[in-house]
Amino acid sequence: MNRAGEDMDALTEKRPKILIADDDPAVVKALSYRCEKMGFAIDTANNGIQMLLKARRTAPDLMIVDVNMPKLDGLTASFHLLDQGGHSLDILVVTGSSDETTIERCEAMGLFYARKGPEFWIDLKAALTEIFPQMSEAIAAQSDTLAGLPELVPNRPRVLIVDDDEQVGAFLASRLNKLGVEVLYAPSAAQALRLAAKRHPSVVVTDYHMPQGGAEFLITRLRASPETAAIPVLILSERDFDKVSVQALTREVMGHAGAVKIFKKSFDVSELFQTIQDFCAFDSSPAAH
């Protein structure tokens, strides 16, 4: 390695390390961008188990943790890490919920807390300044520079529905909205690609056959762009697929998974919604909303 490379590695090593754990790609992107601009070294995880593994391996100085994540929620994962002791670790918990119980748990565990929404960046800046007082000037300077950006951290999961049948889109949107999910709708693959690049949904649910490009076309185009390459895709279809067709639709595309799963269109969406919840945790009880 040349001297310039060694100097860069040394500089990176000195930067405080933040591990961002959130299943929402829009949140991860916004947080990573802003924190990197403030001078932090960033690593990311998209679920609680991955967060635990990375935290144990890399020993970050701070974790910014979403509460509702698939496989293992953020608070439980944080408790496991704090219970094990080891190096000093600060944790900032973020959530879209205003549930007082969550706030009380954070306070009892000595964790910082910020709610997703319009005031999130103010809370984040205050927490970072308290945790890293030596970086207060850089945090303040970059916060002022980035203040005009229109990014808002969404306070609930975001799912993109793609179907040329508006009734199907309206049916799924109605059911998901009742579960606290923000729904984006596109009647074509072309519009879906633009929405996915701009709004960064956690999951895409698409019809298999559409006149101007179906699921295979959409998946290929999503995987071709770094902005959308990792978004999981679920396929809905009125037809049954044989084993060979399923393998073709679910095979890897440009280094990323193809379709995660294929569902037969039905009014019973329980299995579909359970799979969506594997990628963007939400409260599956309509009564909670």
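The values are calculated or read from the model by the stated rules, or taken from the named source; none is laboratory data. Here the structure is a predicted model, which is why all the values come from computation and not from measurement. No Cβ is skipped: glycine too gets one built from the backbone with ideal geometry, and neighbour counts run over all protein chains shown.
Some values worked out for this structure:
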quantity: Selection status of Thr228, modelled with pLDDT of 90 or more, over 21 Å from Gly96 (Cβ atoms), not assigned by TED's automatic domain parsing to the domain that holds Leu75 and not in a helix (DSSP H, G or I); calculated: no
quantity: All strands (runs of 3 or more DSSP E) inside the stretch 1-108 with 3 or more residues being modelled with pLDDT of 85 or more and crowded, with 22+ Cβ neighbours inside 10 Å; calculated: 17-21, 62-66, 90-95
quantity: Residue under evaluation Gly213, criteria (1) on the phi < 0 side of the Ramachandran plot; (2) not acidic (Asp, Glu); (3) not in a strand (DSSP E or B), criterion not met; calculated: (1)
quantity: The lone exception for Lys265 - which of (1) among the charged types (D, E, K, R); (2) more than 21 Å from Asp24 (Cα to Cα); (3) without any contact (Cβ under 8 Å) to a residue 60 or more places away in the chain it fails; calculated: (3)
quantity: Flag for Ile131 being more than 21 Å from the chain's Cα centre (by Cα) and buried (at least 19 other Cβ atoms within 10 Å of the Cβ); calculated: no
quantity: Number of the condition not met by Ile276 [criteria: (1) free of Cβ contacts under 8 Å to residues at least 40 places away in the same chain; (2) under 18 Å from the mean Cα position of the chain (by Cα)]; calculated: (1)
quantity: Options Leu184, Leu179, Leu195, Leu172: the member that is under 26 Å from Asp22 (Cα atoms), aliphatic (A, V, I, L, M), in contact (Cβ under 8 Å) with a residue 24 or more places away in the chain and surrounded by 21 or more Cβ atoms within 10 Å (Cβ to Cβ); calculated: Leu172
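Residue-wise test of (1) of a type outside the set (S, T, N, Q); (2) modelled with pLDDT under 90; (3) more than 20 Å from the chain's Cα centre (by Cα).
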site: Glu151; (1), (2), (3): yes, yes, no
site: Leu160; (1), (2), (3): yes, no, no
site: Ala173; (1), (2), (3): yes, no, no
site: Leu193; (1), (2), (3): yes, no, no
site: Ala196; (1), (2), (3): yes, no, no
site: Val204; (1), (2), (3): yes, no, no
site: Pro211; (1), (2), (3): yes, yes, yes
site: Ala215; (1), (2), (3): yes, no, yes
site: Ala224; (1), (2), (3): yes, no, no
